[in-house]
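The values are calculated or read from the model by the stated rules, or taken from the named source; none is laboratory data. Everything quoted here is computed from the prediction, not taken from an experiment. Note that each Cβ is placed from the backbone with ideal geometry, even for glycine, and that neighbours are counted across all protein chains shown.
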Amino acid sequence: MSIFAKRVTTLAIVLAGLLLAMVPIFFAAPSDGTVRTFVIIGGIVAFGGLVWSWIVLRCPHCGALLPLRGWADSYCPNCGGKLQDK
């Protein structure tokens with residue numbers, strides 16, 4: 001999986017968690033239990049996406065953590081090694 005695909009996957013997981021946390025907004029009269037449940041599950045999913053990115057978003061040369069921002073990075077900011085193409 002390319003670095004770009006890993007960043008897109010991370011973004012998708014985090015956004016899915018945030019959207020899941022916002023689901024009760026669209027209900028007419030959500031109960032407190034429903035809101036709390038969706039917020040907790042959505043937060044866990046979003047945090048899981050960030051943890052996943054901290055594990056897999058690494059330079060293939062030096063193993064340094066790559067920044068989440070920077071969609072067009074072609075070189076590692078730490079060692080200068082060329083990252084995989086899209």
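Of note:
- Here segment 16-63 is the region considered, the condition is being without any contact (Cβ under 8 Å) to a residue 40 or more places away in the chain and among the hydroxyl-bearing types (Ser, Thr, Tyr), and the residue that is surrounded by the fewest Cβ atoms within 10 Å (Cβ to Cβ) is SER31.
- Segment 1-48, subset assigned to a helix (DSSP H, G or I) and hydroxyl-bearing (Ser, Thr, Tyr), residue modelled with the lowest pLDDT: THR34
- Scanning segment 49-63 for residues that are in contact with a helix residue (DSSP H, G or I) (Cβ under 7 Å, 6 or more places away or on another chain) and part of a helix (DSSP H, G or I) yields GLY49, LEU50, TRP52, SER53, VAL56.
- Which numbered condition LEU66 fails, given (1) touching a Pro at 6+ places or on another chain (Cβ under 8 Å); (2) surrounded by 15 or more Cβ atoms within 10 Å (Cβ to Cβ); (3) farther than 21 Å from GLN84 by Cα: (3)
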